[in-house]
1. Mind checking whether some residue in the stretch 48-56 is surrounded by 12 or more Cβ atoms within 10 Å (Cβ to Cβ) and modelled with pLDDT under 75?
2. Return only the number of the condition from (1) more than 20 Å from residue 4 (Cα to Cα); (2) at pLDDT below 90; (3) assigned to a helix (DSSP H, G or I); (4) in contact with a helix residue (DSSP H, G or I) (Cβ under 7 Å, 6 or more places away or on another chain) that residue 102 does not satisfy.
3. Could you list all residues from the stretch 89-99 that are touching a helix residue (DSSP H, G or I) at 6+ places or on another chain (Cβ under 8 Å) and either more than 22 Å from residue 74 (Cα to Cα) or touching a residue at least 24 places away in the same chain (Cβ under 8 Å) (or both)?
4. Scan the stretch 23-43 and give yes if some residue there is surrounded by 13 or more Cβ atoms within 10 Å (Cβ to Cβ), out of contact with any helix residue (DSSP H, G or I) (no Cβ under 6 Å at 6 or more places or on another chain) and at pLDDT 90 or above, otherwise no.
5. Looking at the stretch 77-95 only, could you name the residues that are closer than 14 Å to residue 105 by Cβ and either surrounded by fewer than 14 Cβ atoms within 10 Å (Cβ to Cβ) or within 11 Å of the chain's Cα centre (by Cα) (or both)?
6. So in the stretch 62-76, with the set limited to residues that are surrounded by 17 or more Cβ atoms within 10 Å (Cβ to Cβ) and free of Cβ contacts under 8 Å to residues at least 40 places away in the same chain, which one is nearest to the chain's Cα centre (by Cα)?
């Protein structure tokens, strides 16, 4: 199993398409299988639009996310905040560095924007 990071979703999709089902051992007929994960989560949800990819979330969504996480951040309850985001369909939130509130907010913003 391997892991790769890409600077843009466009590069990640191109790499996935190029490698998917590529034969790497002709004797055993072994093929590569690729999957998108973590930061490419929004690609899976079908909301990838290159021109809008790095735009900020709408003020309404940002406000809702801030309201949902403000109590946790004020009380420094990182674990409970992560569980909130995990329950909102982002299991990768558990792998964020502790107290990386910006990324936790962004993860929840992406989820809210894709609903």
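1. Yes, the stretch 48-56 has at least one match.
2. Only one criterion is unmet by residue 102, namely (4).
3. Of everything in the stretch 89-99, those that are touching a helix residue (DSSP H, G or I) at 6+ places or on another chain (Cβ under 8 Å) and either more than 22 Å from residue 74 (Cα to Cα) or touching a residue at least 24 places away in the same chain (Cβ under 8 Å) (or both) turn out to be 89, 90, 92, 95.
4. Looking for residues that are surrounded by 13 or more Cβ atoms within 10 Å (Cβ to Cβ), out of contact with any helix residue (DSSP H, G or I) (no Cβ under 6 Å at 6 or more places or on another chain) and at pLDDT 90 or above, one finds none in the stretch 23-43, hence no.
5. Of everything in the stretch 77-95, those that are closer than 14 Å to residue 105 by Cβ and either surrounded by fewer than 14 Cβ atoms within 10 Å (Cβ to Cβ) or within 11 Å of the chain's Cα centre (by Cα) (or both) turn out to be 90, 93.
6. 69
The values are calculated or read from the model by the stated rules, or taken from the named source; none is laboratory data. Here the structure is a predicted model, which means the values were calculated and not measured. Don't worry about glycine lacking a Cβ; one is built from the backbone with ideal geometry, like all the others, and counts go over all protein chains shown.
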